[in-house]
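Data block below; observations after.
Readers should treat all values here as calculations from the given coordinates under stated rules, not as data from a laboratory. Here the structure is a predicted model, which means the values were calculated and not measured. Using ideal geometry, Cβ is built from the backbone for each residue, glycine included, and neighbour counts are taken over all protein chains shown.
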Amino acid sequence: MNFHKSFQTIDTQVVGEAFRIVVQSPIMLAHENITEAASALNTQFENTKQLLLNEPRGHRGMNGCLVLPSAIATCRLLFFQHVASTDFKYEALVATMTVLIEQGTIELSENNSYSIETVKGVYEASVKLSEEKDTVLSVHLTIRPAHIEGEQVIIDNERRYIVVEKPQQFKALALEELAEISTWGLLESEKYSTADGVILYEQLDSSVRSVTFERDGYILRSPGVDSTLALIAVLGDETVKKNDSIFGSSIEIIQKHEIGYEIALTGYITGIHQFVVDREDPLQQGFVIV
């Protein structure tokens, strides 16, 4: 057995979606410009990204995050993901702040506010801690509203979604209907191939329940921040105060601000892993099953 690569990661879940935070790896990026750093990550380290995201180490639902020092923010966050996933997720900000604070990687802020540099800009996060200040109870973000262009809903002026109300063929958006819902989503994702995802929803008495399909028909385990914004754009913020998934997780709008909506999400550390790569392993880059 001859190991020639070693990686340490901290895995988290945020409202059901999995994020792998890379804390030690052979990835070396010294670019001052974050766009150049992101480009290098996504062009020079393709094999590395695949072995961390793909089975047997990962799975189709795994999202990758690489944390680096930042000259203008608390930290710099680069994303790497499966081809059919979006290249930015608000939930990743929550996952990263949870790991950095609970692992003692960053100094605690006096006002519990932190900034995260990404290729999409710098995002501010307010963190609520336990009395002992060793556990992140929630991470608060302010998210900008979406807008509608034709049949698509646009998030942050770039991520595009199709929003569809539950057809009559489904009694409800529930786990009991998962097989039929999955088949429907795969067909719809192929139909709307130019969109980043398709959001299926039904209105309930006090909330909205939704299922989000990514470009390849994969079902997100989370109700999704993007999905919540898209549903607000279509149905209005009075209707979408809470967005439930069929897996039991939910996202609630805490309050409306002048620039957008405040949400509070909680990240949970699910594992600390030491991955290695054997030179003789025929599946070094892994594989994906949707």
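What the table below lists for this structure:
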item	result
Within-13-Å neighbourhood charge of residue 135 [Cβ basis; K, R +1; D, E -1]	-2
Candidate lysines - alpha carbon under 30 Å from residue 241, same-chain residues fewer than 8 apart omitted	89, 120, 128, 133, 166, 171, 191, 256
Amide H contacts of residue 80 (H built 1.01 Å from N, under 5 Å, at least 5 apart or other chain)	64, 65, 66
Highest-MSF residue in the chain out of 107, 55, 188 [GNM, Cα springs under 10 Å]	107
The chain - percent relative contact order, Cα under 8 Å, separation 6 or more	25 percent
Choice from 63, 111, 47 showing the highest fluctuation, given a GNM over the chain with Cα pairs closer than 10 Å	111
Rg over Rh, two decimals, the stretch 175-260 (C-alpha only, Kirkwood Rh)	0.98
Exposure proxy ranking, count of Cβ atoms within 10 Å, fewest first, for 247, 79	247, 79
Point-to-point label distance, residue 281-residue 138, nm (Cα→Cβ direction, 7 Å offset)	3.9 nm
Cross-link reach list, aspartates and glutamates versus residue 242, counting only Cα pairs under 15 Å and skipping chain neighbours closer than eight places	202, 205, 226, 252, 262
Choice from 49, 120, 241 with maximal GNM fluctuation in the chain (Cα, 10 Å cutoff)	120
Positive minus negative residues near residue 151 (Lys, Arg vs Asp, Glu; Cβ under 14 Å)	-2
15 Å beta-carbon shell around residue 251, net charge (K/R +1, D/E -1)	-1
Alpha carbon convex hull of the chain, projected area averaged over orientations, nm²	16.5 nm²
Rough spin-label spacing in nm, given labels placed 7 Å along Cα→Cβ, for residue 258 and residue 23	4.0 nm
Whole-number Å³ per residue for the convex hull built on Cα positions in the stretch 145-211	102 Å³
